[in-house]
Amino acid sequence: MRSLSGGFVRRASLLPALALPAMMMAAQPADAAGLLTPANSSTPLAIEDHHVDVLIEDGYATTTIEQTFRNPGGSDLEAVYAFPVPQHAAVGEFTYWIDGKPVTAEVMKREDARTLYEREKAADRETALAEQEDFRRFQMSVWPVRANSDVRIRMSYVQPAKLDAGVGRYVYPLEEGGTEDAAVASFWQMKDEVTGSFSFDVTMRTSYPVEALRLPEHPDAAVRQDADGSWHVSIARGSNRAEEAVSAAAAQVSAAALNKDVALYWRQKPGLAGSLDVLTYKETAEGTGTFMAVLTPGEDNATITGGRDWTFILDRSGSMEAKFETLKEGIGRTLEALPSQDRFRVIFFDDRAMRMFSGFRSATPQEVQQTISELRNVPIGGGTNLYAGLQDGLDDLDEDRPSGVVLITDGVANVGPHERKDFVDLAASQDMRLFTVVMGNGADRPMLEHLAAISGGTTMNVSNSDDITGRLMTAVTRLSHHSLSDIDVSVDGVKVADVTPELKGGLYRGEQLVVFGHYWGSGPAKFRVRGKVDGKPKVYEATLDMPETAGLNPEIERLWAFSRIEDEMRQLAVIGEDADSEQSIADTAIEYGLLTPYTSMVVVREEIFAQEGIARNNQQRLTAEADARNARQNAAPTFASAPVGNAPRTHIASSGGGGGGGGGGGGAAGPALLLLLGLFHLVRVRQRAAKA
């Protein structure tokens, strides 16, 4: 038997436990994302068309974005295209239309790609370049955008699509995120309307039953379920598609604003047994296979008895202006949901940290209401001293009580210590669970995920189209049941290696565990996930057949490669620059066609690819993936699945009309649901009053 514990991590949670109407509707819209900005002109190009196609299947989602821009001026322009980095997204395609035909980019080392782009630009030949500037954004340069002409581009990325407490979440990012970084802000423009058409289309096909699907911030979306169980979502806006619009409201829109994220939730049918699901891709019998294993435990983690201590660390810097009132409202509702035996405290940070009150308060109705009243008077302003806030929040923890620390921020540390090692050392110094909540698209998500992982906590992303109270309740209910810790994964029966991710952490009630790896051979394979629950051994195991060949899911090769790259990027962030690690990242990215900080995607004319001796490997991979997606439309589900344990999967409390949510099961789901419905009513009343 081969133990894989040295190469395994539980991914931080990607999905919310509560799929209910968003609180963030009251926030002012941020600048829109994904615009072509002329490098030699102050006038943004017009967005004529913006079309998004999303395919959500077992375990992952593929997003394809196609946009058409127009240069209304009288001179040729070079344009820069900026797009926020979606969470755990592996960008595998960048396509630029030349002479009316799509030309797909190839992946090269960053400096080589830039050199080729500049050379082709100097020769006045069509070329395009995609680069990853940092963890927040991709930058894509296009030459030329001819005078009074259009330019057309396409980008595609694949990302895991997990369930948390039976609810899945997908977000298409369109908001800039409110960052304070002026250099970043220069890539985002206020021109956020489509003059032609905007469409957002989703197809969902899963091997497990999905009983409800919703987009709480987009009531004009058309949602239907086919007889075979697949789901379809359509949003259409803009003059060019008025006759195809999915609702009367959409048909009346003459220009579609692209300033709000699209958040999609789906709810799994309750009462399903815990399971281990394995997806495979293996081109030849003799070759290397790739697998993605997803463990969905049942409701068998014991309840934690006694009180817990909660520390809420809230960012009140200037970039939080549009979000802070909603955040305070969400904190208040979360405090009201805590059991009276819990205790809590609230800490704010801007240029420095400040405690709202000394010590902990008991979560009694009187103490909670006093805190809510005091929260209303807390101002915002200043920079982001993230280190000071975390440091103060980790002081004076009670070693005799379970401690949960919830850190909520939307920005990057720009005051005080800001090196990742400083934060890692600080988080590792205390025995607690750190839950980080990332608001918008501007925060240092990789570092916050790392901090949560080393403490055994989780990270949650919150869009302005999300539900902040539901996110906070998800974190709070993480300490309502014991987690699975000291996790070890092993496989017996076939040779398995290269398992990723690598960091270790706990698995909370209602979470899914996702792991990728390589395998050789075929036949029965026994998967075992060992761990401890409250110090006692716990084992999940299932036997599945690993196929000799499997050709319907080539995308998981990119997911494996991207997960491996994320492992190496986390290590680099801690140890600093390392030539061997950077070369390893570049080699993996080039082999699997991925955009990273060390590799770029470049488009040139086909004859230039041939002249330069650049193999069209990524083009071939994209063709194979497209063929596989078409084949899957008429194929049976490709997951191999086996039950684990003897308890059902976490099920979600629901309310009429398809809404519902749960914070990890137990007694918390019902109260949280009532709170969120009440809060949704409150926000709607306020919105109506504001409009009046």
With the requirement that a residue be of a type in the set (A, V, I, L, M) and assigned to a helix (DSSP H, G or I), what does region 113-128 give you?
ALA113, LEU116, ALA122
Over region 396-441, the set of residues within 24 Å of PHE344 (Cα to Cα), of a type in the set (A, V, I, L, M, F, W, C) and touching an Asp or Glu at 6+ places or on another chain (Cβ under 8 Å) is LEU397, ILE408, VAL438, MET439
Checking TYR170 against (1) over 29 Å from the mean Cα position of the chain (by Cα); (2) buried (at least 18 other Cβ atoms within 10 Å of the Cβ), the condition it does not meet
(1)
Number of the condition not met by SER480 [criteria: (1) over 14 Å from the mean Cα position of the chain (by Cα); (2) surrounded by fewer than 24 Cβ atoms within 10 Å (Cβ to Cβ); (3) modelled with pLDDT of 75 or more]
(3)
Whether any residue in region 118-128 is β-branched (Val, Ile, Thr), farther than 30 Å from ALA631 by Cβ, surrounded by fewer than 22 Cβ atoms within 10 Å (Cβ to Cβ) and at pLDDT 85 or above is what I want to check.
no
Quick check: is even one residue across region 208-226 closer than 22 Å to LEU552 by Cβ and at pLDDT 85 or above?
yes
Looking only at region 129-147, which residues are more than 21 Å from VAL158 (Cα to Cα) and part of a strand (DSSP E or B)?
SER141, VAL142, TRP143, PRO144, VAL145
Out of (1) in contact with a helix residue (DSSP H, G or I) (Cβ under 8 Å, 6 or more places away or on another chain); (2) touching a residue at least 60 places away in the same chain (Cβ under 8 Å); (3) not aromatic (Phe, Trp, Tyr), the one ASP578 does not meet is (2)
For ALA615, state whether it is assigned to a loop (DSSP other than H, G, I, E, B), exposed (fewer than 14 other Cβ atoms within 10 Å of the Cβ), modelled with pLDDT under 95 and of a type in the set (Gly, Ala, Ser).
no
Looking at (1) over 30 Å from ALA631 (Cα atoms); (2) in contact (Cβ under 8 Å) with a residue 40 or more places away in the chain, find the lone condition where PHE527 falls short.
(1)
Among the residues of region 129-143 satisfying the criterion of being touching a helix residue (DSSP H, G or I) at 6+ places or on another chain (Cβ under 8 Å) and modelled with pLDDT under 95, which is surrounded by the fewest Cβ atoms within 10 Å (Cβ to Cβ)?
PHE135
From the set of residues in region 185-207 that are at pLDDT 85 or above and not charged (D, E, K, R), which is farthest from GLN268 (Cα to Cα)?
SER199
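Residues are listed down the side, and each one gets a yes or a no for (1) at pLDDT 90 or above; (2) in contact with a helix residue (DSSP H, G or I) (Cβ under 9 Å, 6 or more places away or on another chain); (3) not polar (S, T, N, Q):
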{"residue": "GLY531", "(1), (2), (3)": "no, no, yes"}
{"residue": "LYS538", "(1), (2), (3)": "no, no, yes"}
{"residue": "GLU541", "(1), (2), (3)": "no, no, yes"}
{"residue": "ASP545", "(1), (2), (3)": "yes, no, yes"}
{"residue": "ALA550", "(1), (2), (3)": "yes, no, yes"}
{"residue": "GLU555", "(1), (2), (3)": "yes, yes, yes"}
{"residue": "ILE565", "(1), (2), (3)": "yes, yes, yes"}
Hits in region 536-595 - residues which are crowded, with 21+ Cβ neighbours inside 10 Å and on the phi > 0 side of the Ramachandran plot
GLY593
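The values are calculated or read from the model by the stated rules, or taken from the named source; none is laboratory data. Since we're looking at a predicted model, the values are computed, not measured. Every residue, glycine as well, gets a Cβ built from its backbone with ideal geometry; the counts of neighbours run over all protein chains shown.
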